[in-house]
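So the structure is just underneath, and the comments pick up after that.
The values are calculated or read from the model by the stated rules, or taken from the named source; none is laboratory data. For clarity, every value in this text was computed on a predicted model and none was experimentally measured. FYI the Cβ positions are ideal-geometry reconstructions off the backbone, even for glycines, and counts take in every protein chain you see. SASA here: full protein model, heavy atoms, side chains in, ligands and nucleic acids out. Shrake-Rupley method; radii C 1.70, N 1.55, O 1.52, S 1.80 Å.
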Amino acid sequence: ITLADILEAVKGNSHVLNLSSNVPDVSCRIGSQINKRLLSIFDDIDNAILAMLSPQTLDKFKDQF
């Protein structure tokens, strides 16, 4: 089992970072697009973290201690 497997099991369908519970103003030029843009960044962050954790197994990780 890899550390990426563990992260995916723990975080489920959510992102490592999440959107604010505030509702943006859809009539605003920025507010109407902010969540879409942030979700794209959050996808990139999740993918980078998973790529870093994928080669690391739990067994190898525990051997570091």
(1) of a type outside the set (D, E, K, R); (2) loosely packed, with under 13 Cβ neighbours inside 10 Å; (3) out of contact with any strand residue (DSSP E or B) (no Cβ under 9 Å at 6 or more places or on another chain): which one isn't true of residue 34, the others all being true? (2)
Can you pull out every residue in region 8-33 that is outside any loop (DSSP other than H, G, I, E, B) and among the hydrophobic types (A, V, I, L, M, F, W, C)? 9, 10
Looking at region 7-21, is at least one residue open to solvent by 80 Å² or more (accessible area, probe 1.4 Å), farther than 30 Å from residue 59 by Cβ and without any contact (Cβ under 8 Å) to a residue 40 or more places away in the chain? yes
Can you find a residue that is touching a Ser or Thr at 6+ places or on another chain (Cβ under 9 Å), among the aliphatic types (A, V, I, L, M) and modelled with pLDDT of 90 or more anywhere in region 20-33? yes
Is it fair to say residue 61 is aromatic (Phe, Trp, Tyr) and either open to solvent by 50 Å² or more (accessible area, probe 1.4 Å) or outside any helix (DSSP H, G or I) (or both)? yes
Search result, residues across region 46-56 that are assigned to a helix (DSSP H, G or I) and either open to solvent by 70 Å² or more (accessible area, probe 1.4 Å) or of a type outside the set (D, E, K, R) (or both): 47, 48, 49, 50, 51, 52, 53
Filter pass, residue 43 being among the acidic types (Asp, Glu), in a helix (DSSP H, G or I) and on the phi < 0 side of the Ramachandran plot: yes
